[in-house]
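The values are calculated or read from the model by the stated rules, or taken from the named source; none is laboratory data. Owing to the predicted nature of the structure, the values given are computational and were not obtained by experimental measurement. Here the Cβ positions follow ideal geometry from the backbone for every residue, glycine too, while neighbour counts run over all protein chains shown.
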Amino acid sequence: MVKLSNRLRQRRALLVGGMSAAAALLAAPAQAFQWRNKVSLFRRAFPVQPDRAEAELMITAILDGRTPRPGLVQIEAPGLVENGESVPLKIFVDCAMTDEDHPQLIHVFALDNPFPEVARYHLLPAGGEARLEMRCRMASSSELVVVAEMTDGTAGLDQRHVDVTLGACG
């Protein structure tokens, strides 16, 4: 039997550990893809019906009794879109983007979607400007609501109605 030195054993252990880590990293996207497919199948098998009252309750919980500051948040969205698969949306929060004055969280809701919170953004003052552009899916014609939670404890809210000709989300 050949006796290995400590140094050689350590090098082999490092090599085996590195190979294991590389294999795990290569398998991770495949696992994530399989998980996403399982969630998609679950959603098709057990569809969730939109509940506007629950969506409004979520917004009320985020506001937590605060009166929204008027003019803090502005939304640009088309009044009519043909396809709900990709609805363009621009959001602007009027603030200085300093440590004392910037939005900590921006929530985006489509009130008549099965899962109403479409997006949640965490912003830092280093971003320079509180301006976002995104696309979201909408199940049907409904209100798009944006709530911005500021570092000073205040909140802003804006909403736009978007008519959707061909809905998505189901």
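Does L89 satisfy the condition of being within 14 Å of I62 (Cβ to Cβ) and hydrophobic (A, V, I, L, M, F, W, C)? Answer is no for this residue.
Listed here are the residues, each with its yes/no results for (1) of a type in the set (A, V, I, L, M, F, W, C); (2) out of contact with any strand residue (DSSP E or B) (no Cβ under 6 Å at 6 or more places or on another chain); (3) in a loop (DSSP other than H, G, I, E, B); (4) over 24 Å from S86 (Cβ atoms).
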| position | (1), (2), (3), (4) |
| --- | --- |
| A96 | yes, yes, yes, yes |
| P114 | no, yes, yes, no |
| R120 | no, no, no, no |
| A148 | yes, no, no, no |
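Taken together, the residues in the range 126-146 that are touching a Pro at 6+ places or on another chain (Cβ under 9 Å) and not in a strand (DSSP E or B) amount to 3. Of all the residues in the range 47-93, those that are assigned to a loop (DSSP other than H, G, I, E, B), closer than 19 Å to E117 by Cβ and out of contact with any Gly (no Cβ under 7 Å at 6 or more places or on another chain) number 9. Screening D101 with (1) in contact with a Cys (Cβ under 7 Å, 6 or more places away or on another chain); (2) in a strand (DSSP E or B) gives one miss only, at (2). As a summary of the residue check, H161 satisfies the conditions (1) over 17 Å from I91 (Cα atoms); (2) out of contact with any helix residue (DSSP H, G or I) (no Cβ under 7 Å at 6 or more places or on another chain) except for the one numbered (1).
Within the range 60-77, work out how many residues are in contact with a Pro (Cβ under 9 Å, 6 or more places away or on another chain) and at pLDDT below 95. The total comes to 0.
Condition test on A155, is it surrounded by 17 or more Cβ atoms within 10 Å (Cβ to Cβ), of a type in the set (G, A, S) and in contact with a helix residue (DSSP H, G or I) (Cβ under 9 Å, 6 or more places away or on another chain)? So A155 fits the description; yes. Taking residues in the range 66-81 that are assigned by TED's automatic domain parsing to the domain that holds H107 and surrounded by 15 or more Cβ atoms within 10 Å (Cβ to Cβ), and partners anywhere that are among the charged types (D, E, K, R) and part of a loop (DSSP other than H, G, I, E, B), the pairs with Cβ atoms closer than 7 Å and at least 6 places apart or on different chains are L72/D94. Can you tell me which residue among E117, E133 is surrounded by fewer than 22 Cβ atoms within 10 Å (Cβ to Cβ) and modelled with pLDDT of 95 or more? Being surrounded by fewer than 22 Cβ atoms within 10 Å (Cβ to Cβ) and modelled with pLDDT of 95 or more holds for just one of E117, E133, which is E133.
Results for (1) under 16 Å from G156 (Cβ atoms); (2) free of Cβ contacts under 8 Å to residues at least 60 places away in the same chain; (3) not assigned by TED's automatic domain parsing to the domain that holds M150, shown as yes or no for each residue.
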| residue | (1), (2), (3) |
| --- | --- |
| M97 | yes, yes, no |
| P103 | yes, yes, no |
| F115 | no, no, no |
| L124 | no, yes, no |
